[in-house]
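Comments concern the structure below.
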Amino acid sequence: MSEEIPVPEMRPFAMSLLVEAAGNARTTPQHRNLIFNAAFRYGVELAGELPTHAENAARGDFSFGGWLSDEAGDDFFVLSGRLLDAVEARIRGRHAILKKSREDEPSAYDHAALMALGQTFCRAGEVRQARFPTVPAGLAAIARCKPRALQQIFVADYLGNVLQDFFDASQIRAEFPSLPPDTEDTLRKEEATELTAAVFAAITSSDHPVEIAPLHAELQEMVGRVWLAEKALDD
């Protein structure tokens, strides 16, 4: 890891949303909290492996490292859905091939993580304006991606999904109807993206995928520093 990276500039309400999302760590078992849940862990790992799996698919191996059990089919959208279903099945111990890990349990963050994996898969496959490529074209686009870049996209989308979920649950817009119409979108494009960039900047640069342990450590450190910054606003 490199030297400590400062907390990116965040709007106070965005800090509060992240602190609230992470606050469950004090009462929730570690493997079901914001950072250490199984869906996030598998999403990070799969995002980093996607270029290799796509290259293997071009050679006729559509197993995606054992996540899928048959051919990719001819629908890129369906392929994306099957991959998400496979991750959820493994977390719940229902996957036909991959065994459930001791720490695999459903969590309150599964929706955000699975959606982020689907978003990453479609971005990498060059889905544009709801127009899906053919499976060969989409997989070829994924194969050209850098593993670490896809992991960074996944984490940014995950944090963006979490922030938007907590924004909706807090009913901030109902309380402050004059908020700009793009407020929810900027949570993803600004806070989530900049937080993720800071986390990845703190990890030693490499062409290889980020391992989950240093990512966990840096993300946990960053969330802790956001908590301190948010607390300082009240002092």
Within the stretch 91-126, which residues are under 20 Å from Ala149 (Cβ atoms), in a loop (DSSP other than H, G, I, E, B) and either without any contact (Cβ under 8 Å) to a residue 40 or more places away in the chain or of a type in the set (S, T, N, Q) (or both)? Glu126
Quick one: in the stretch 53-88, which of the residues that are in a helix (DSSP H, G or I) and among the aromatic types (Phe, Trp, Tyr) is surrounded by the fewest Cβ atoms within 10 Å (Cβ to Cβ)? Phe77
Under 6 Å between Cβ atoms, at least 6 apart or on separate chains: pull out the pairs that start in the stretch 139-150 with a residue that is farther than 20 Å from Val78 by Cβ and end on any residue that is among the hydroxyl-bearing types (Ser, Thr, Tyr). Leu150/Thr120
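Within the stretch 226-235, count every residue that is surrounded by 10 or more Cβ atoms within 10 Å (Cβ to Cβ) and farther than 17 Å from Asn33 by Cβ. Quick ask: steps written out before the conclusion?
So in the stretch 226-235, the residues surrounded by 10 or more Cβ atoms within 10 Å (Cβ to Cβ) come out as 226-231.
Within this subset, residues satisfying the condition of being farther than 17 Å from Asn33 by Cβ are 228-231.
Residues that pass the stated criteria total 4.
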Output for the stretch 169-188, where each listed residue is touching a helix residue (DSSP H, G or I) at 6+ places or on another chain (Cβ under 8 Å), in a helix (DSSP H, G or I) and surrounded by fewer than 21 Cβ atoms within 10 Å (Cβ to Cβ): Ser170, Ile172, Arg173, Thr183, Glu184, Arg188
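Every number here is computed from the coordinates shown, using simple stated rules; none is lab data. Because the structure is a prediction, the values reported are computed rather than measured. Here Cβ is always computed from backbone atoms with ideal geometry, including for glycine, and neighbour counts include all displayed protein chains.
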